[in-house]
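The values are calculated or read from the model by the stated rules, or taken from the named source; none is laboratory data. Small disclaimer: the values here were computed from a predicted structure and weren't measured. Here the Cβ positions follow ideal geometry from the backbone for every residue, glycine too, while neighbour counts run over all protein chains shown.
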């Protein structure tokens, strides 16, 4: 008589079809994340699940497009690529094995210059630039939780955009692997970065509705 293992391996675990099946107090990996079959979007930060905000507002999407366009144009003919959400970024610490990756995020935009980090599922490793556009209710997650994992992973620049206040804030990774804040910018000012020398992001145009 064939023995049936009552404790299947992680590879044999069934899909998670509804959000009600998710235990938000448990530790999750990217392997678990790949079992999610429900429509709601979740992120994993250091193994902890976070609900993402509802579908982005029209203003949020407009700002994303207003940032994406100039970056896309500035990167033509370059090795770097820009991607918009939904786009999985897996920040591995010790191993890139799905079961050992405990941070999976979906930033609003990312710029990736090392194409060896790209695969069919997104990006494995730190993007060069991460852009987060704040939405009501998720500011703490963006400013605290993601700040820590982006810094630890070695993201070179972390941009935070506030539609409500029409402000643009940028952290730059220093030679010691620590984020250093820059001046907060707003309408009437421009954003430039050494990572994309030809980019000039006019904030009046970014926040234009």
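Take the conditions (1) modelled with pLDDT of 95 or more; (2) touching a helix residue (DSSP H, G or I) at 6+ places or on another chain (Cβ under 7 Å); residue 119 misses just one of them, which is (2).
Scanning segment 182-209 for residues that are over 19 Å from residue 127 (Cβ atoms) and loosely packed, with under 10 Cβ neighbours inside 10 Å returns 183, 188, 209.
Looking at 79, 73, 66, just one residue is at pLDDT 95 or above and surrounded by fewer than 12 Cβ atoms within 10 Å (Cβ to Cβ), and that residue is 73.
Among residues of segment 145-178 being under 24 Å from residue 207 (Cα atoms) and free of Cβ contacts under 8 Å to residues at least 24 places away in the same chain, the one that is surrounded by the most Cβ atoms within 10 Å (Cβ to Cβ) is 170. Please identify the pairs in which a residue from segment 55-71 that is within 12 Å of residue 134 (Cβ to Cβ) has its Cβ atom under 9 Å from the Cβ atom of a residue that is assigned to a helix (DSSP H, G or I), counting only partners at least 6 apart or on another chain. Close Cβ pairs (under 9 Å, with a partner that is assigned to a helix (DSSP H, G or I)) amount to 56/64; 63/206.
Once segment 114-153 is narrowed to residues that are part of a loop (DSSP other than H, G, I, E, B) and closer than 20 Å to residue 192 by Cα, the residue that is farthest from the chain's Cα centre (by Cα) is 128.
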